[in-house]
Amino acid sequence: MSRIESFKRALNEKRAVKIIAGIDNFNVENIKKVIMAASNSGASAIDICANPDIIAMARSMTNLPLFVSSTEPQELAHAAILGADAIELGNFDALYKKGISFSASQVLSLVKRTLELLDREIFFCVTIPGELEIAEQIELARGLEELGIDLIQTEGHFSNESPSDGVRGLIERAELTISNTIELTRNVDIPVMTATGINPTTAPLAFASGASAIGCGSCVNKLDSEISMLAVSKSLVEIAERNAQYTVELV
């Protein structure tokens with residue numbers, strides 16, 4: 001089974017876990033720790049930036065399916081040549097902090113341009129900007145489905161406001177992306193990955209909302225040690241496996 005086929009299987013079984021190093025993370029030592037934690041925990045995939053040296057490093061370190069994220073069509077097309085198993089237009093959440101936002105029409109244009117540049121077939125994921133009104137998100141998701149996109153990723157919205165303490169704060173951070181997941185899974189057949197604020201506390205809520213996969217970044221890549229990264233990654237994988245088992249039992 002190829003790397004991307006193994007991810008597709010996890011996606012179909014609603015147990016896929018993508019560990020995100022970060023679209024704007026170029027810290028090689030941190031990325032190495034994230035890759036090792038993802039690999040050793042049994043995660044379904046790793047997501048990295050489009051830097052050619054980092055792609056080469058990641059490919060040499062792990063046999064996990066490798067997602068490469070960017071907002072630049074040329075970088076995504078080049079990543080396919082460099083050994084990415086999947087490309088992702090997004091993640092936009094990190095860019096909102098810099099005052100950069102994307103409209104639905106801009107996302108569609110970027111996707112179409114990327115498809116034009118690709119010289120081979122590759123698994124293609126697109127992030128739905130969390131800043132869009134839900135009606136716009138649904139319309140965009142339907143447009144992406146018509147283009148044959150394989151997976152859409154939801155996100156929340158970056159805010160400078162201080163979150164509440166404890167579990168309440170964790171849930172507040174993930175509330176929007178989870179509600180977006182519910183709306184999108186009701187309106188399109190394309191699989192949905194829930195990201196932004198997803199951690200061991202909120203991951204069960206994401207799966208309960210209809211997600212086929214979770215994308216987990218800061219709860220892993222912001223930790224100080226590989227041991228703590230591994231512990232959190234394992235917890236996320238265990239939650240995903242329980243969801244898959246529960247889904248089978250329902251059927």
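Each reported figure results from applying straightforward, stated rules to the coordinates on display, with no laboratory input. Note that this is a predicted model, so its numbers are computed, not measured. Glycine also receives a Cβ, built like all others from the backbone with ideal geometry; neighbour counts cover every protein chain displayed.
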Difference of contour (0.36 nm per residue) and Cα-Cα distance, Met1 to Arg186: 63.5 nm
Per-residue Cβ neighbour rank within 10 angstrom, fewest leading, Lys97, Lys14, Lys112: Lys97, Lys112, Lys14
The residues Ile138, Ile128, Ile152, Ile171, sorted from fewest to most surrounding Cβ atoms within 10 Å, come out as Ile171, Ile138, Ile152, Ile128
In a Gaussian network model of the chain with springs linking alpha carbons closer than 10 Å, the residue among Ile35, Ile46, Ile81 that fluctuates most is Ile81
Could you tell me which of rounded, prolate or oblate describes the stretch 182-251, using a ≥ b ≥ c as the square roots of the eigenvalues of the alpha-carbon gyration tensor, with rounded for a/c under 1.5 and, failing that, prolate when a/b is larger than b/c and oblate otherwise? oblate
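Is the C-alpha gyration tensor of the stretch 57-173 telling us rounded, prolate or oblate? Criteria: a/c under 1.5 is rounded; beyond that, a/b larger than b/c is prolate, otherwise oblate. Each step should come with its number before you reach the end.
Details: a/c = 2.14, a/b = 1.38, b/c = 1.54.
Here the stretch 57-173 falls in the oblate category.
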Helix runs (DSSP H) in the chain reaching 24 Å along axis by Cα, Kyte-Doolittle at least 0.0: 226-250
Sites Lys98 and Asn12 - FRET efficiency at Förster radius 51 Å, r taken between beta-carbons, to 0.05: 0.90
Compare the peptides 191-200, 235-244 by average per-residue count of other Cβ atoms within 10 angstrom and give them in order, highest first. 191-200, 235-244
Would you list Asp47, Asp53 from fewest to most Cβ contacts within 10 Å? Asp53, Asp47
Per-residue ellipticity at 222 nm attributable to helices in the chain (runs of n ≥ 4 DSSP H, -39500 (n - 2.57) apiece, nearest 500 deg cm²/dmol) works out to -16500 deg cm²/dmol
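For Ala208 and Ser105 in one chain, what is 0.36 nm times their gap in residues minus the Cα-Cα distance, to one decimal in nm?
34.1 nm
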By how many nm would the segment from Glu139 to Asn27 grow when fully extended, if each residue of separation counts as 0.36 nm and the alpha-carbon distance is taken off? 36.7 nm
Sequence neighbours fewer than 8 away in the same chain don't count; with that in mind, list the lysines whose C-alpha is under 24 Å from Lys33. Lys18, Lys222, Lys234
Net charge contributed by nearby residues that have their C-beta within less than 9 Å of Phe67 (K/R +1, D/E -1): -2
